[in-house]
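Worksheet for the structure shown next.
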Amino acid sequence: MAPAAATTLSLISAILVLVLRVSMDRFEEAVKAAIEAIPAEFQPYLEDIEFVIAERSPDRVFGFYEGAGALEEGALPARVTIFKESHEDSCATWEELVAEVRRTVLHEIGHHFLMEEGEMPY
C-alpha cells in the first residue's frame with residue numbers, strides 16, 4: 001500500500017473510532033442532569049417548558065427553542081428540543097457529550113429568557 005493511502009486509511013480509522021453512540025436512556029440522563037443543574041432561582045421559570053429529546057435534526061443542530069419566552073404573559077408553553085445524534089457526532093467521549101448537552105440546554109434556555117445569539121454564554 002502506498003504511504004499516502006496508508007495515511008488516509010489511518011485517518012479514516014481514527015475518525016471512525018471517535019464516533020460516540022449512547023442509548024436514548026443514557027442520553028436522557030445527560031439532558032436531565034443539565035436541567036437539574038440549573039440554579040434553583042431559575043427553576044420556576046422552567047416549569048412551563050416542555051423538554052423533548054429527538055433522535056436527529058434535519059438541520060444538524062444541537063437544540064431548538066420554540067416559544068414566546070418567559071417574559072411574555074399568556075404565552076403558550078415553550079418547547080426545547082435536544083437532538084441526540086448531533087451531540088453524538090460531535091463528541092468522542094461520554095464526558096464531552098455531557099458537557100455539550102449542558103451547553104445546549106443552557107443555550108436553548110437562554111432563548112426562553114429572550115437572549116439573542118450574540119448574548120448567549122454558549
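Give a quick list of GluC sites (Glu not before Pro) in the stretch 26-113 that DSSP marks as loop, anything other than H, G, I, E or B, with at most 16 other Cβ atoms within 10 Å.
The qualifying sites are 47, 55, 72, 73.
Expressed as a whole number of Å, what is the distance separating the alpha-carbon centroids of the stretch 43-58 and the stretch 78-122?
Answer, in whole Å: 11.
Could you compute the net charge surrounding residue 20? Neighbours are other residues with a C-beta less than 12 Å from the C-beta of residue 20; K and R count +1, D and E count -1.
Value of the local net charge: -3.
Which loop-located chymotrypsin sites (Phe, Trp or Tyr not before Pro) does the stretch 18-68 contain, where loop means any DSSP state but H, G, I, E or B and the Cβ has at most 14 other Cβ atoms within 10 Å?
Those that pass, being in a loop and sparsely packed, number zero.
Residues of the stretch 81-102 with the amide nitrogen closer than 12 Å to a label point 7 Å from the Cα of residue 20, along Cα-to-Cβ, please.
So the set is 85-102.
Each reported figure results from applying straightforward, stated rules to the coordinates on display, with no laboratory input. Computed from a predicted structure; not experimentally measured. Cβ atoms come from the backbone with ideal geometry, glycine included; neighbour counts cover every protein chain shown.
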